[in-house]
Structures are given as C-alpha cells and as structure tokens.
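Q: Here's a structure for you.
The values are calculated or read from the model by the stated rules, or taken from the named source; none is laboratory data. Computed from a predicted model, the values in this text were never measured in an experiment. Quick reminder, even Gly has a Cβ in these numbers, built from the backbone with ideal geometry, and neighbours come from all protein chains shown.
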C-alpha cells in the first residue's frame, strides 16, 4: 500500500511511519513543523522524523502544509491510505490562537477530505480526532473522590454516545468537532472510507516534553531536572487514560486493511491504563528514584476531571487491544529523556 501520513514528524505520525515502513509499505510523510512555531524550540519535531529516516531510508519526507491544496492534491492522488495526524494539538494554546487553530484543525481537515473526494475517493482516510470533542461534558457525570484519584460513580468509561453539545470546549475542541463531523459526513454523503479516532492521552518516547501538550514527558522532565511542576486544578486527582502511540498505529493499520466508513472510535488507554496525576508522579519517582517538586494552580478551561476511554468498540471491530502498559510507557519516556532527546533542546 501507498501510505500518506500528515504530521509525520509528530508523535502519532512518526509511529505510523515506522509501523507501515517496517512492514514493507511505501510511506510518504509530510509536516510543516508548526509545533516548533507554536510551542517554541521545546515543541520542535524535526529531530523525531530525522531519527525515523535514519532507521527507514525508504520513507520519503516532505515539508508541506495540509492547507496547500496544490501540493496535497499531488500526494493524495497516489495514496491508498491517508493518515491525517497533523494538527494544532493544544487546547490551552488554542485559546490564545483561535484563528490559527481553526485554520489548521478544521479547514485543514476539510481541505484534505475534499481533495480525497475529488481525486482519490477509493482511499482510506483516517482522522486523528480528540476526546476534547466532548468538551467538559464528562465533568457532568457523577464523580467520587478517592485517596489518589477521582473516578466515575456509575460508569466504567466513556463511550462514543456521549453528547458533544451544551458544554465548554475551547477553540481546540470546537475545531476538532468540525474535523470529526466532516470526516463522518464525507463517508455518509460521499461514500469515502473514513474513520474518526477520538484520542485520549497519546504518548511514548518520541513525545515532546511540552507543558501545553504531552503532559507525561513534561512531568518526567520536571522530575529529572528537579524543576518545580505546576499541576492545574483538582488536587492532582484528575484521571487520564494513557496509550502508547505504537498501539494506536497498530489500530490504524487494522482499520486501513478493513475500513468501516463513517465510524467513530474512542481511543485511549482504557481503564487498564488510567492514572491520576498524583499516581503518575509516584510512578515516575519510582522509576527515577527522584522526588518530584510540585505545586497546585487553578484548573484549566474545559479540562476533564476524569476521562477514561471506553475502547470496547475498537476491540470488538478489530480484535485489537492495548499491549503497552503504564510502567513500560513511563520507563521508555524516562530513557528517552535521559538519552538527551528533550533534555538538551
């Protein structure tokens, strides 16, 4: 298959490039390195794709913007599978740059879908959506407080039927809703082979340690350097479900091989890989042997108190499950930072 990966220098995109190239597929990666412009040098992903290209010389990587219709048309026309991982990824940052956020996440996604419809309607189109499409609606669920975490009182996890209306999203959540719904609509209305994956906390050794995005490596970096960590709200008991980007890439491969047009999947670590920030600090301290210095600050807009993805739909449709656990994930991040991948940036 010919695989086109947008945002190929990012965490998810680079893992997709690695997986498909390792299995003999032709891979073209595109990225405009916008993260370095949005987050500064700490968000620069060029080193990530350079590492991938060293391992897989057959991958073709181009600097390109998903909003460049002419360039993207040439690339999409030759693709069997389009994995759209390019985005402005931070919901706190989107509050400061709402127009740029919309241009990348909403318009950029629509641009790729329309090019696919016009020039390659048989291609599989995979959209990296976000659990932020639900806004802060999960906070309306009954929640109980435990010693180290908050948790749902009546449900185990959040499935795809949760409402996306009547709640706060931040511009990021709204732009992702737009891309998500367009992705579904292009399957229903035009017959494209699209799938939207509402992702939770995706991480791994290639993740950039940026405060406004990729909290796991950011926490690890603060621990390793001894710098003060700021935790925003909820006494550090807020819960996230963490999934390694490699597990996500494996699911994308299964979808690419047997697409279910118009489907939507909640994808994260599920209950098994759920962890509160306080629990994450303890886990990191156990790996590094260093104490974490931290303080509390006010909660962020539309932030989830508890979010755990119900991944049963993806399991049922694709005989897929989480393979990489929390201990292994954080050990990999610690190793990557100790190797200087982010520490020396």
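Q: Could you grab me the full set of residues in segment 129-146 that are more than 20 Å from the chain's Cα centre (by Cα) and assigned to a loop (DSSP other than H, G, I, E, B)?
A: Going residue by residue through segment 129-146, those that are more than 20 Å from the chain's Cα centre (by Cα) are 139-146.
Scanning segment 129-146 gives 141, 142, 146.
Q: A follow-up question, please. Anything in segment 34-45 that is farther than 13 Å from residue 87 by Cβ, at pLDDT 70 or above and assigned to a loop (DSSP other than H, G, I, E, B)? List them, or say none.
A: The answer is none; no residue qualifies.
Q: Turning to a different aspect of this structure: Take residue 104 and tell me if it is buried (at least 22 other Cβ atoms within 10 Å of the Cβ) and under 20 Å from the mean Cα position of the chain (by Cα). Outline the logic, then answer.
A: Values: buried (at least 22 other Cβ atoms within 10 Å of the Cβ): yes; under 20 Å from the mean Cα position of the chain (by Cα): yes.
Yes; evaluated as a whole, the condition is true for this residue.
Q: Let me ask you something else. Which residue out of 97, 115 is out of contact with any strand residue (DSSP E or B) (no Cβ under 8 Å at 6 or more places or on another chain) and surrounded by fewer than 20 Cβ atoms within 10 Å (Cβ to Cβ)? Working first, answer last.
A: On the way: 115 fails: surrounded by fewer than 20 Cβ atoms within 10 Å (Cβ to Cβ).
Of 97, 115, the one residue that is out of contact with any strand residue (DSSP E or B) (no Cβ under 8 Å at 6 or more places or on another chain) and surrounded by fewer than 20 Cβ atoms within 10 Å (Cβ to Cβ) is 97.
Q: Moving on. Identify the single condition in (1) crowded, with 16+ Cβ neighbours inside 10 Å; (2) part of a helix (DSSP H, G or I) that residue 28 does not satisfy, given that it satisfies every other one.
A: Residue 28 satisfies all of (1) crowded, with 16+ Cβ neighbours inside 10 Å; (2) part of a helix (DSSP H, G or I) except (2).
Q: Condition first: within 18 Å of the chain's Cα centre (by Cα), crowded, with 21+ Cβ neighbours inside 10 Å and either modelled with pLDDT of 95 or more or within 30 Å of residue 25 (Cβ to Cβ) (or both). Can you find one or more residues in segment 227-240 that meet it? Give the derivation first.
A: Step one: filter segment 227-240 for residues within 18 Å of the chain's Cα centre (by Cα), giving 239-240.
Next, only the ones that are crowded, with 21+ Cβ neighbours inside 10 Å stay: 239-240.
After this cut, where a residue has to be either modelled with pLDDT of 95 or more or within 30 Å of residue 25 (Cβ to Cβ) (or both) as well, the list is 239-240.
Checked against the condition, which is being within 18 Å of the chain's Cα centre (by Cα), crowded, with 21+ Cβ neighbours inside 10 Å and either modelled with pLDDT of 95 or more or within 30 Å of residue 25 (Cβ to Cβ) (or both), segment 227-240 yields at least one hit.
Q: Would you say residue 202 is over 20 Å from residue 327 (Cβ atoms) and either at pLDDT below 95 or surrounded by 24 or more Cβ atoms within 10 Å (Cβ to Cβ) (or both)? Spell out the reasoning first.
A: Numbers: over 20 Å from residue 327 (Cβ atoms): no; either at pLDDT below 95 or surrounded by 24 or more Cβ atoms within 10 Å (Cβ to Cβ) (or both): yes.
In short, no.
Q: For residue 315, all conditions in the list (1) in contact (Cβ under 8 Å) with a residue 60 or more places away in the chain; (2) out of contact with any helix residue (DSSP H, G or I) (no Cβ under 6 Å at 6 or more places or on another chain); (3) farther than 25 Å from residue 143 by Cα hold save one; what is the number of the exception?
A: Against the list (1) in contact (Cβ under 8 Å) with a residue 60 or more places away in the chain; (2) out of contact with any helix residue (DSSP H, G or I) (no Cβ under 6 Å at 6 or more places or on another chain); (3) farther than 25 Å from residue 143 by Cα, residue 315 comes up short only on (1).
Q: If residue 153 satisfies every condition in (1) modelled with pLDDT of 95 or more; (2) farther than 19 Å from residue 107 by Cβ; (3) in contact with a helix residue (DSSP H, G or I) (Cβ under 7 Å, 6 or more places away or on another chain); (4) surrounded by fewer than 24 Cβ atoms within 10 Å (Cβ to Cβ) but one, which is the exception?
A: (3)
Q: Which of the residues that make up segment 224-244 are farther than 29 Å from residue 16 by Cβ and in a helix (DSSP H, G or I)? Walk me through it before giving the result.
A: Keep residues of segment 224-244 that are farther than 29 Å from residue 16 by Cβ, which gives 225-237.
Within segment 224-244, 225, 234, 235, 236 meet the criteria.
Q: Residues of segment 129-141 being on the phi < 0 side of the Ramachandran plot and surrounded by 23 or more Cβ atoms within 10 Å (Cβ to Cβ), which ones? Explain how you work it out, then say what you get.
A: Step one: list which residues in segment 129-141 are on the phi < 0 side of the Ramachandran plot, which gives 129-134, 136-141.
Within segment 129-141, 129, 130, 131, 132, 133, 134 qualify.
Q: Give the residues of segment 147-194 that are over 18 Å from the mean Cα position of the chain (by Cα), closer than 20 Å to residue 82 by Cβ, in contact (Cβ under 8 Å) with a residue 24 or more places away in the chain and not in a loop (DSSP other than H, G, I, E, B), sorted by residue number. Spell out the reasoning first.
A: Our first condition is that a residue be over 18 Å from the mean Cα position of the chain (by Cα); within segment 147-194, this holds for 147-157, 161-168, 182, 184-193.
Keeping just the survivors that are closer than 20 Å to residue 82 by Cβ gives 182, 184-193.
Keeping just the survivors that are in contact (Cβ under 8 Å) with a residue 24 or more places away in the chain gives 182, 184, 186-188, 190-193.
Hits for segment 147-194 are 182, 184, 186, 187, 188, 193.
Q: Identify, from the list 66, 144, 82, 126, the residue that is loosely packed, with under 15 Cβ neighbours inside 10 Å and in contact with a strand residue (DSSP E or B) (Cβ under 6 Å, 6 or more places away or on another chain). Reasoning before the result, please.
A: Values: 66 fails: loosely packed, with under 15 Cβ neighbours inside 10 Å; 82 fails: loosely packed, with under 15 Cβ neighbours inside 10 Å; 126 fails: loosely packed, with under 15 Cβ neighbours inside 10 Å.
Residue meeting the stated conditions: 144.
Q: While we're here: Taking only pairs six or more apart or across chains, which ones have beta-carbon atoms under 8 Å, a first residue in segment 319-335 that is more than 12 Å from residue 207 (Cβ to Cβ), and a second residue that is crowded, with 19+ Cβ neighbours inside 10 Å and modelled with pLDDT under 95?
A: Within 8 Å, the pairs are 335/205.
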